[in-house]
1. Any residue at all in the range 199-213 that's small (G, A, S) and over 26 Å from the mean Cα position of the chain (by Cα)?
2. Looking at this structure, is P708 outside the structural domain of K832 (by TED's automatic domain parsing) and over 41 Å from the mean Cα position of the chain (by Cα)?
3. Name every residue in the range 521-575 that is in contact (Cβ under 8 Å) with a residue 60 or more places away in the chain and of a type in the set (A, V, I, L, M), in order of residue number.
4. Looking only at helices (runs of 4 or more DSSP H) that lie completely in the range 230-324, which have at least 2 residues being over 30 Å from T169 (Cβ atoms) and among the hydrophobic types (A, V, I, L, M, F, W, C)?
5. Name the residues in the range 803-814 that are in contact with a strand residue (DSSP E or B) (Cβ under 6 Å, 6 or more places away or on another chain) and either part of a strand (DSSP E or B) or surrounded by fewer than 19 Cβ atoms within 10 Å (Cβ to Cβ) (or both), would you?
6. Please work out which residue is surrounded by the fewest Cβ atoms within 10 Å (Cβ to Cβ), limiting yourself to the range 551-568 and to residues that are assigned to a strand (DSSP E or B), at pLDDT 85 or above and of a type outside the set (A, V, I, L, M, F, W, C).
7. Only one of these is modelled with pLDDT under 95, out of contact with any Ser or Thr (no Cβ under 6 Å at 6 or more places or on another chain), outside any helix (DSSP H, G or I) and of a type outside the set (G, A, S): K622, K611. Name it.
8. Which numbered condition in (1) assigned to a helix (DSSP H, G or I); (2) in contact with a helix residue (DSSP H, G or I) (Cβ under 7 Å, 6 or more places away or on another chain); (3) farther than 30 Å from K845 by Cα is the only one that I705 fails?
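The values are calculated or read from the model by the stated rules, or taken from the named source; none is laboratory data. As the structure is a prediction and not an experimental result, all values here were calculated from the model. Note that we place each Cβ from the backbone using ideal geometry, even for glycine, and neighbour counts take in every protein chain shown.
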Amino acid sequence: MKYMTAKQIRETWLNYFKERGHQIEPSASLIPVNDPTLLWINAGVAPLKKYFDGTETPRSKRITNLQKSIRTNDIDNVGKTARHHTFFEMMGNFSIGDYFKEEAIGFGYEILTDAKYFGMPKEKLYITYYPDDLVAKETWVKLGIHPTHLIPLETNFWEIGAGPSGPCTEIYFDRGEGYDLRGPELIANDIENERYIEIWNIVFSQYNADPKLPRSSYKELPNKNIDTGAGLERFACVLQGTKTNFETDLHYPVIQKTEILSGVTYEGQMAFKVISDHIKTLTFAISDGATLSNEGRGYVLRRILRRAIKYGRSIQLMEPFLYKLVDDVVLMMKSFYPDLESKKEIVKKIIYKEEVKFFATISDGEKHLIQSIKDHKLDGKEAFKLYDTYGFPIELTMEYAEENQITVDKDGFYQELEIQKTRSRDARKVNQSMKSQDESFLQFTEKSLFVGYETLQVEAKVIKIFEQGIVLDQTPFYATMGGQVSDKGTINGLVVQDVVKLPNGQFLHVMETDSFEEMDDVLAIVDETHRRQVEKNHTATHLLHQAIKDVLGKHANQQGSFNGPKKLTFDINHYESIQVKDIIKIESIVNAYIQKACDVVTHVLPIDEAKKLGANMLFGEKYGDIVRVVDIQSWSLEFCGGTHVKNTKDIEHFMITSVESIGSGLYRFEGITGELSVSSMEIHQQVMQSIHLFKDKIHQLDQMIQLPAEPKLSSSYQDIINLRQYQMELSQLFKQLEKDKEQQIIQEILRKADEWIPKTIQKETIIAVNDLPQDSLKPLVDVLYDKIKTETVILFNLNSSRVSYFVKTNQQNAREQIKNLNQLFDGNGGGKPDFAQGGTQNITKVSDYLKGNKII
C-alpha cells in the first residue's frame, strides 16, 4: 500500500471514475439551495437529490464528485476520536438509472485493491451488508473477499433526511491489533473503536425517503440508483499511515501553526484537533456565504467558533487567534478550492470581529460562572444570565459543568430563554441580519471605478451606504486583495478602517456611516506614507518571487503572500530544506535589481497575450479576459492588480528576516524594505535582548571573563545568522560557567558531608537538609551512604515549596520504601532496587514525619 497525499487521493478518485464514463460534478456550496430539509450540505449525495428523485435530468447518468460537507451532530466527538469532524470532504460516485449493484461493488473493489490506484490489501478489508441483500454478499465473495470478512447488519439501510435511500454495504479498513485486540465483533456490535475505520459506504438507492412515512411506505424512485460516500480524511489516514485523521496533510499544517501561536507542543491533545477542525468549518462556511448569528446555521457557526476559543484557552491562546489560522487553511486547501483565496480576507475579518467580541466577555462570564455555583449546582436563571448578559453559551457552561462535576438546571435555562425570545422578538425584526446584508451586497450592481493607480486623492459621490460602510462612484482606495492590504486614509476627514471588495467588484469603505447620505459629494484621500510602504513591499515580493525561482528552481511557485506597510511574507512550495547560502543569494539578487533602478511597467492586455509573455499566474486564481501584468525588465512578469513603485530604486533596500517551514513542502519568506530594512534594529531587537541578558548572566558568574566580540551588522539576512551564532556562543559559555559553578557548590557540599551525619547511626538512618541544590543531592546521598556504612540512608531536602527524598540501600527494596513514602506524603517517584527518589508538595506531612522520628 503506497503513501498518497490528499491531492493524489482526490486526483486518483476523480480520474478513475472519469475514465469509466462519469461526469465530474464540482463541489456545491455548503449552503443548500431550495432544500429546507437540510441545514448544511452534509453528504456527497445531498446536492444531487434533484437527479435521484427525478425532478431534474443530469447531463450524464454517471457522476463523480468530491463534495465539501458539514455535520455537527457529532461535534462532541471531534478530537476525542480519530475520525470525527464537523467539516469533511466526501468522495462519491453515482449512477442515475445506469449501472447498479454488481458494477458498483466491482468499481469499489478495483479502485481500493488495485496497485494502480489505492493498492489496499484485500485482507485488510471488512464488509457489512444488509441481511436481505444476498446479491451484495455474493458479489463481494466472487471478487475475492473472504466470507469471514462479510458481516450482515440490520442497520445497513441508509437514509438522512428526505431523499434517496436504500440498503447499503459499508467498507472498513482493519488497522490491526495495535489499535484494539478485539476483532470483527467490534463492527458487528457497533462498538466504538480505532481499529476498524469505515472508509466507504455504497448505497443501493431504490426509495425516496419521507420522514413522515414508515419505511415500508417509501415510494420507488423512477430508476434504481447508486450513491456512495468515501471520506477523504479517512482515506488519507489509512494511506498516510497516521494515528488519526489529524496527523494527515488535511489537518497537520494547521496544528503546526497552532503550536507556533500557542507555544505548546502537539502531543495528540484534543484542543489542537478541535481548533483544526473548527477553523476549517468556519473558513469554508463563511466563504460560501454563511454568517454568524443567534439562529439556524449562524448559531451553529457561532457555537463552533466559541467552542474552538474555549479549547484554545486551554493551551494558553488568550487573545484572538482563529483568524490567524485562516491563511493556513486556505493555503492547505486552495489547490482544490481556489475560491477560498479571494474570500479569505473577509473570512478573517468576520472571524476576528467575532473573536474580539467573545474574548471581551468570556473572562467575565467564567468568573461569574464560578461565583454562581452553589453546592455543585448551577441554577437555570444563573445559567441564562451567563448566556444573556455575558454572552457565555450554554454549551460551554455544560462542558465546564461536566468537567467539574457540576449539575446545571437546563430546564430552568430554557424556560428563561423562551421568555427572553418572546420579549425580544419584535426588537429583532428591526435589526438586519448579516445574511440579508450579504444579499444586499449581491444585489448591488451599480458601477464604481478604482482610480488609485493614477491618484491618491479624488472628489467622489456616495452611491451606496451599507451598515458596514460606504461605496463611492470612484475611489483612490485599494481594497484588501491579492495579498495586498487595503489603503488607509480619510473620507471627508473621517478615518477609513478597511476597504473590502464586494461580490460585484465595487470597493466598500469600512467606516462610520452616520455622517453620510447617498449622493453626498465627498473628498477621499489615501494615506500616502502607508501606500508607498505597501507598494515597496509588493514590488519587492515580485522581485523575491523571481529570485526564488532563479535560485531554487521554477517549481517554487507562490502559495500565498502578504504585503503590508511593515513587512511582506511570501509562501512557496519547495521539497527540501532551504540552505542559508541560497537565502543570502536570493536576497542579493533582489537588492541587485533594486540598485539597477529598473522601471516597473504595467500592461493591460488580453489574457492569452499575457500567457504568451510567460507571466506568472497564481494557481487557482480566477482571471478575466483582460488582465494586468506587472513587468520588471521582462525578468519578473506577474499577473497582478496591486499597486507598485514606479522604479525599483524606490524600494531602497530589501532584507529577508526569516525563512521557515509552514508545512510539508511549504516555506514562508518574511522580509522588510525601505528604511525598516536599512535600520533593521526592530528585527534584531529580540536577539539583542537575549544577547545582553546572557552577557549580564555571564558577568554575574565571572566578572573578569573576556567575552567574544559582537558581529558587525550590514542590514542583510547574514546579520540574523551572525547574531544567532553569537547568541549561541554566549549561551554555551553561560551554560559551561553555570555548570562549573554548580560543580563548585556540589564539591563544597560534599566536603561538608560530615556535618549532616547524625551521632546515632541506625540500620535505617534518616537525614534532613534544607535548600540544597537539586543536582547535589544524589552525590550527597552516595557520600553519606559510604561514610555511614549502614543498610539504608534516607535523605530529605526541604525548601519552601517542595520536598525531595532519596533512599539508598543494600537491601534491594529502595523502590518499595519510596512507594511507602509516596503514600505517606501524597508524593510520586520511583527508581531502582538500590536507589530511588521521590517528591511532594505536602511539606506539612513531611515535617510531621521527621518530627516523629526526632530528625527535626
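1. So in the range 199-213, the residues small (G, A, S) come out as 205, 209.
After this cut, where a residue has to be over 26 Å from the mean Cα position of the chain (by Cα) as well, the list is 205, 209.
Taking every residue of the range 199-213 in turn, at least one turns out to be small (G, A, S) and over 26 Å from the mean Cα position of the chain (by Cα).
2. Yes.
3. V522, L523, A524, I525, V526, V534, A540, L543, L544, I548, L568, I572
4. Helices (runs of 4 or more DSSP H) meeting the threshold: 252-262, 270-287, 296-313.
5. First pass over the range 803-814, keeping only residues in contact with a strand residue (DSSP E or B) (Cβ under 6 Å, 6 or more places away or on another chain): 803-809, 814.
Across the range 803-814, the qualifying residues are V803, S804, Y805, F806, V807, K808, T809.
6. Within the range 551-568, the match that is surrounded by the fewest Cβ atoms within 10 Å (Cβ to Cβ) is G560.
7. Sole residue among the options that is modelled with pLDDT under 95, out of contact with any Ser or Thr (no Cβ under 6 Å at 6 or more places or on another chain), outside any helix (DSSP H, G or I) and of a type outside the set (G, A, S): K622.
8. The number of the failed condition is (1).
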